[in-house]
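The values are calculated or read from the model by the stated rules, or taken from the named source; none is laboratory data. No experiment lies behind these values; they were computed from the predicted model shown. Reconstructed Cβ throughout: ideal geometry from the backbone, glycine too, with neighbour counts over all protein chains shown.
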Amino acid sequence: MLTNIQKKKKIIKQIKKISKNALSAVVANSKKIDSNKINTLRKNARKNKVKIKVIKNTLLKKAIDKTQFECLKKTLKKFTLIAYSIENPGSAAKLLYLFSKENKNFKIKGAAYEGKFIKSKKIKKLAFLPTHKEAIQRFMFMIKELSIGKLIRTLIAIKHKKQKKI
């Protein structure tokens, strides 16, 4: 019995450590999904720097207590899978969102980002947040468009001035 308690404490400690470093977390019900699909999901998670844990609700409630993911406690019912985004806030949400589209029995319960609860219906917003690299690319594209647009407007203004002189 003592080793069971020690194992549980170790699991709680491990989840607390992940919670401190994670940017967001998504909770889902994966009960009706077969193990091969869950293994594929785990494989994709490793590629995307997402930590996935299937854990008992009582342990998870203790592990996320006094963390930024405490708001997820109300969704912890029945069978729970939790996915943590480590590098990009939307990576876990995107991974589980796309997985839920392929597997109709996989139900996303909710997410937490910056200490706020996100309903499952609004998970798509978090899922498609641009990564840091994508945000920089979009910003550079906007700057490029603005500068080219300004150059074109200047050239058109010069052309109109020259045409008025003629």
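Taking the listed residues Lys8, Lys74, the one that is exposed (fewer than 13 other Cβ atoms within 10 Å of the Cβ) and among the basic types (Lys, Arg) is Lys74, with no other qualifying.
Of all residues in region 24-47, those that are surrounded by fewer than 17 Cβ atoms within 10 Å (Cβ to Cβ) and either at positive phi or not charged (D, E, K, R) (or both) total 5. Please state which of the following conditions Phe79 fails to meet, knowing it meets all the rest: (1) in contact (Cβ under 8 Å) with a residue 40 or more places away in the chain; (2) out of contact with any helix residue (DSSP H, G or I) (no Cβ under 9 Å at 6 or more places or on another chain); (3) not acidic (Asp, Glu). Single failed check for Phe79: (2).
Looking for whichever is over 30 Å from Leu98 (Cα atoms) and among the β-branched types (Val, Ile, Thr) here; the options are Ile148, Ile136, Ile123, Ile118. Which one fits?
Among Ile148, Ile136, Ile123, Ile118, only Ile148 is over 30 Å from Leu98 (Cα atoms) and among the β-branched types (Val, Ile, Thr).
For region 41-48, state whether one or more residues are farther than 25 Å from Glu134 by Cβ and not in a strand (DSSP E or B). Within region 41-48, none of the residues are farther than 25 Å from Glu134 by Cβ and not in a strand (DSSP E or B).
Within this structure, Lys47 passes the test of being free of Cβ contacts under 8 Å to residues at least 12 places away in the same chain and either within 17 Å of the chain's Cα centre (by Cα) or within 15 Å of Gly110 (Cα to Cα) (or both).
Of the strands (runs of 3 or more DSSP E) lying entirely inside region 76-166, those carrying at least 1 residues that are assigned by TED's automatic domain parsing to the domain that holds Lys66, within 16 Å of the chain's Cα centre (by Cα) and charged (D, E, K, R) are 107-113, 116-119.
Can you pull out every residue in region 15-37 that is out of contact with any strand residue (DSSP E or B) (no Cβ under 8 Å at 6 or more places or on another chain) and closer than 17 Å to Ile108 by Cα? Within region 15-37, Lys31, Lys32, Ile33, Asp34, Lys37 meet the criteria.
Report whether or not Thr58 is among the hydroxyl-bearing types (Ser, Thr, Tyr), at pLDDT below 90 and part of a helix (DSSP H, G or I). When the stated conditions are applied, Thr58 passes them.
Yes/no matrix, rows are residues, columns are (1) closer than 24 Å to Phe117 by Cβ; (2) at pLDDT 90 or above:
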site: Lys10; (1), (2): no, yes
site: Lys17; (1), (2): yes, yes
site: Ala25; (1), (2): yes, yes
site: Asp34; (1), (2): no, no
site: Lys43; (1), (2): no, yes
site: Arg46; (1), (2): no, yes
site: Lys51; (1), (2): yes, yes
